[in-house]
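Every number here is computed from the coordinates shown, using simple stated rules; none is lab data. Note that this is a predicted model, so its numbers are computed, not measured. Note that we place each Cβ from the backbone using ideal geometry, even for glycine, and neighbour counts take in every protein chain shown.
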Amino acid sequence: MAKALQSADDDFDETILDCPPSLSHLTQLALAASHQAIAVTEAEQDSIRGARRVLEFIAQKSYVLHNEDIKVTGVIVTRMDTTRSVDRSQLTSAREIFGDLLWDPVIPRLNVFKELDTNGSPITLATGEKAGAARASFELLADTFEKRSLTV
């Protein structure tokens, strides 16, 4: 994958490789080709455990990927339902586990995201009362990404 990306992304400052939430072969190839990694999790125990496993894999097995320079720069919590006490409790656990790696804001569970996904539409086309909040969440994450990428 690293070879395939050579010069393919020369016109971009950053290239994001979005992979399945697992340590499948595709994900490992993407990690081998990357300078940094961001884990995405939901506020659920199994998902948090999976994100933790990815970070541990990177820390302990980066040599297997032939990419010992890869850095973990963040963890993003998505599909957070703040009305559920179990989600709030799991977010607290995620903060304890990931510490400063956990980015703010968390991405709320909103129907607008489901509609965009179903239609294959970008967030810039979101409509409705929650559209502004949805865009603002991603703009804040983009700012965090930019700041943390500069330190890598």
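Between THR92 and GLN45, what length in nm is gained on full extension when 0.36 nm per residue of separation is reduced by their alpha carbon distance? Can you show the working numbers first?
Working: separation 47, 0.36 × 47 = 16.92 nm, distance 1.13 nm.
Full extension of this stretch gives 15.8 nm more.
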- Message: From the P(r) of the stretch 87-135, could you give the percentage of C-alpha pairs in the tail past 14 Å?
- Response: 58
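What stretch of the chain, leaving out the sites themselves, is the longest with no chymotrypsin sites (Phe, Trp or Tyr not before Pro) in a DSSP loop having at most 12 other Cβ atoms within 10 Å? The partial results should precede the final answer.
Values: sites that count: PHE12, TYR63.
Of all site-free stretches, the longest is 64-152.
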- Note on the structure: At q = 0.10, 0.11, 0.19 Å⁻¹, the log10 of I(q)/I(0) for the stretch 32-152 from a Debye sum over equal Cα scatterers comes to -0.35, -0.43, -1.10
- Message: So, R0 is 30 Å and r is the distance between the beta-carbons of ASP11 and LEU125; what FRET efficiency does that work out to, to 0.05?
- Response: 0.80
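Taking all pairs of different Cα atoms in the stretch 1-100, averaging 1/r and flipping that mean, what Kirkwood radius in angstroms comes out?
Numbers: mean 1/r = 0.0684 Å⁻¹.
Hydrodynamic radius (Kirkwood, Cα pairs) of the stretch 1-100 is 14.6 Å.
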- Note on the structure: The ³J(HN,Hα) series, computed from each phi in the stretch 42-57 with the Karplus coefficients 6.51, -1.76 and 1.60 at θ = phi - 60°, rounded to the nearest Hz and given as x for glycine or proline, is 9, 7, 9, 4, 5, 5, 4, 4, x, 5, 4, 5, 4, 5, 5, 4
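Dividing the alpha-carbon Rg of the stretch 19-67 by 2.2 N^0.38 Å yields what? Can you show the working numbers first?
On the way: Rg = 10.5 Å, N = 49, 2.2 N^0.38 = 9.7 Å.
The stretch 19-67 yields a ratio of 1.09.
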- Which far-off residues, 5 or more places away or on another chain, put their amide H under 5 Å from the one on GLN36, with H placed in the peptide plane? LYS71
- Task: Find the centroid of the Cα atoms in the stretch 113-152 and in the stretch 1-68, then give the distance between the two in whole Å.
- Result: 21
- If exposed means trypsin sites (Lys or Arg not before Pro) lying in a DSSP loop and surrounded by at most 16 other beta carbons within 10 Å, then the longest stretch of the chain lacking such sites spans residues 1-83
- Task: Would you mind calculating the relative contact order of the stretch 69-152 from Cα pairs under 8 angstrom and at least 6 residues apart, reporting the percent as a whole number?
- Result: 31
- Query: Between the DSSP loop rule and a limit of at most 16 other Cβ atoms within 10 Å, which GluC sites (Glu not before Pro) in the stretch 13-80 are left?
  - Reply: GLU14, GLU44, GLU68
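Length gain on complete extension for the stretch ASP117 to GLU146, per 0.36 nm per residue less the alpha carbon to alpha carbon distance? Kindly include the intermediate steps, with their values, before the conclusion.
Details: separation 29, 0.36 × 29 = 10.44 nm, distance 2.44 nm.
Gain on extension, ASP117 to GLU146, equals 8.0 nm.
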- Query: Using θ = phi - 60° and the Karplus curve 6.51 cos²θ - 1.76 cosθ + 1.60, what whole-Hz ³J(HN,Hα) does each residue of the stretch 144-149 get, with Gly and Pro shown as x?
  - Reply: 4, 4, 4, 4, 6, 5
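Normalised by the number of residues in the chain, what is the relative contact order in percent for Cα pairs under 8 Å and 6+ residues apart? It would help to have the intermediate numbers written out before the result.
Values: 169 pairs, mean separation 28.9, N = 152.
Averaging sequence separation for qualifying contacts and normalising by length gives 19 percent for the chain.
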- Item | Straight-distance crosslink candidates among lysines, where the alpha carbon sits under 19 Å from LYS114 and sequence neighbours closer than 8 are dropped | LYS130
- Eligible lysines near LYS3 by straight Cα distance, threshold 28 Å, same-chain separation 8 or greater: LYS61, LYS71, LYS147
- Per residue, what volume in Å³ does the convex hull of the Cα atoms of the stretch 47-111 enclose? 94
- Sequence-distant or interchain residues sharing an amide H contact under 5 Å with LEU102, placed H: which? VAL75
